[in-house]
Amino acid sequence: MPGVRDAQLYHLAERADRVRALAEARRTVRPGGMVAAATINRHAGVHDTVRAGSYVDERQRETVHAAVRDGHLVSPGSGFPAYFHDPDEVPGEFAGAGLPGAERYGLEGAFWLYGDVEGWLDGPERRRLLLDAQRSMESVPSLLGIGGHLLTVATAETP
């Protein structure tokens, strides 16, 4: 989409690299355009392994709790490397890239943890209700860490 740049910051382990990626997105977007970045929440690994049943595996537990401490995760199963953000650190990275005033949105909220969320999404009326419920709390600061992913958006200021 013209005037929008996006980044998946969870692939960048170091803060300086994340800020540099955001600054490059800001540089290439039109004045007044938007920069959006997806992040994985710091506690997503714990939530996901409990939901999936793999939290009983000691190696999985150690891995996800290490990510809670420092944000760095390498999946024991797939080797997938990721950086898990504390929701409160993302606006600082945006500001460091010259993108002040970033807005944060929880993408799944707590609903990704529910066993029957797919059933809610299958029917149009139930899907509408679920999405309305999520929208009602998607930017509540105290709830941002419960979802698996966060979308942060800022408008590039006119030079």
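The values are calculated or read from the model by the stated rules, or taken from the named source; none is laboratory data. These numbers were taken from a predicted model, which means no experiment stands behind them. Positions of Cβ are generated from backbone atoms using ideal geometry, with glycine treated the same way; all protein chains shown enter the neighbour counts. The protein model used for the area step is the full one, side chains on, heavy atoms only, and it has no ligands, DNA or RNA in it. Shrake-Rupley method; radii C 1.70, N 1.55, O 1.52, S 1.80 Å.
What the table below lists for this structure:
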{"item": "Given (1) in contact with a helix residue (DSSP H, G or I) (Cβ under 6 Å, 6 or more places away or on another chain); (2) over 17 Å from residue 8 (Cβ atoms); (3) open to solvent by less than 30 Å² (accessible area, probe 1.4 Å), number of the condition residue 55 does not satisfy", "result": "(3)"}
{"item": "Residue that is farthest from residue 28 (Cα to Cα) [pool: residues in segment 137-159 that are open to solvent by less than 40 Å² (accessible area, probe 1.4 Å) and part of a strand (DSSP E or B)]", "result": "150"}
{"item": "Candidate set: segment 41-58, residues that are of a type in the set (Asp, Glu) and in a helix (DSSP H, G or I); chosen: the one nearest to residue 76 (Cα to Cα)", "result": "58"}
{"item": "Subset of segment 103-136 that is assigned to a loop (DSSP other than H, G, I, E, B) and open to solvent by less than 70 Å² (accessible area, probe 1.4 Å) - its residue that is nearest to residue 39 (Cα to Cα)", "result": "108"}
{"item": "Segment 76-95 residues that are at pLDDT 95 or above, paired with ones that are in a helix (DSSP H, G or I) and surrounded by fewer than 21 Cβ atoms within 10 Å (Cβ to Cβ) (beta carbon under 7 Å, 6 or more apart)", "result": "93/15; 93/19"}
